[in-house]
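Here is the structure we will look at, set down as structure tokens.
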Amino acid sequence: MEYMLLIYVNPESYSGLSEAEQQAIFGEYMDYTAKMRGAGAFVYGDSLQGADTATVIRVRDGARSVTDGPFVEAKEVLVGYYQVKADSLDEALDWAAQIPDARFGGIEVRPIMQLPSA
């Protein structure tokens, strides 16, 4: 089964960190990703640009509206994700708990829906 590990962090969590501390966390991410690759669990992952670069589209009664910025009123925003292969939810949770930003925010773990082939 595959799972999405969605990384939510309050960007202000990094405001008190030095450049060296931020680079150390980046290094932790590189090590974590290498560990997942080595275990065969890594499918895909990426960082996202800041929430201030987001654009949201909604269609209501056939009318389209576009807004800038974060799509929800929240302090924590989606900053990145991993797609992993895991034999169980418990295994996916183990991977999620190792994500460096789990110390600063929350990691949402969701199974990927398997759709039938067309």
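The values are calculated or read from the model by the stated rules, or taken from the named source; none is laboratory data. Remember, predicted model here, so these are calculated numbers, not experimental data. Cβ atoms come from the backbone with ideal geometry, glycine included; neighbour counts cover every protein chain shown. For the accessible areas, the whole protein counts, side chains as well, though only heavy atoms, and no ligand, DNA or RNA atoms are used. Shrake-Rupley method; radii C 1.70, N 1.55, O 1.52, S 1.80 Å.
How large is the convex hull of the C-alpha atoms of the stretch 1-56 per residue, in Å³? Please list the in-between numbers first.
On the way: hull volume 5.8 nm³, N = 56.
Cα convex hull per residue, to the nearest whole number: 104 Å³.
Hey, got a sec? Which trypsin sites (Lys or Arg not before Pro) in the stretch 18-117 land in a DSSP loop and have at most 12 other Cβ atoms within 10 Å? Before the final figure, lay out each step's value.
Numbers: sites: Lys35, Arg37, Arg58, Arg60, Arg64, Lys75, Lys85, Arg103; in loops: Lys75.
In loop regions of the stretch 18-117 (DSSP not H, G, I, E or B), the sparsely surrounded trypsin sites (Lys or Arg not before Pro) are Lys75.
Highest GNM mean-square fluctuation, the chain, Cα pairs closer than 10 Å: which of Val56, Val84, Val43?
In this elastic network of the chain, the residue with the biggest mean-square fluctuation among Val56, Val84, Val43 is Val56.
Run the quick spin-label model on Asp46 and Glu12: label points 7 Å from Cα toward the beta carbon, then report their separation in nm to one decimal.
The answer from the label model is 2.9 nm.
Just to confirm a number: summing +1 for Lys and Arg and -1 for Asp and Glu over residues other than Gly105 whose beta-carbon lies under 13 angstrom from that of Gly105, what do you get?
Values: positive: Lys75, Arg103; negative: Glu12, Glu76, Asp101, Glu108.
My count for the surroundings of Gly105 gives -2.
Considering only protein heavy atoms, what per residue accessible area in square angstrom results for the chain with a 1.4 angstrom probe? The partial results should precede the final answer.
Numbers: 8060 Å² over 118 residues.
Per residue, the chain has 68 Å² of solvent-accessible surface.
Compute the normalised compactness of the stretch 49-118: alpha-carbon radius of gyration over 2.2 N^0.38 Å, N being the residue count.
On the way: Rg = 16.2 Å, N = 70, 2.2 N^0.38 = 11.1 Å.
Scaled against compact globular proteins, the figure is 1.47.
Kindly provide the helix-only [θ] at 222 nm of the chain, computed as the sum of -39,500 (n - 2.57) over DSSP H runs of four or more divided by all residues, to the nearest 500 deg cm²/dmol? Walk me through the numbers before you get to the answer.
Numbers: 2 runs with 30 residues, N = 118.
Calculated mean residue ellipticity at 222 nm is -8500 deg cm²/dmol.
Add +1 for every Lys or Arg and -1 for every Asp or Glu among the other residues with Cβ under 11 Å from the Cβ of Val9, and state the total. Spell out each step's value before the answer.
Numbers: positive: Lys75, Arg103; negative: Glu12, Glu76, Asp101.
Value of the local net charge: -1.
What per residue convex hull volume, in Å³, comes out for the chain when only alpha-carbon positions are used?
Details: hull volume 16.1 nm³, N = 118.
Per-residue hull volume (Cα only) is 136 Å³.
In whole percent, how big is the carbon plus sulfur part of the accessible area of the chain, probe 1.4 Å, protein atoms only? It would help to have the intermediate numbers written out before the result.
Details: 4230 of 8060 Å².
The C+S portion of the solvent-accessible surface of the chain is 52 percent.
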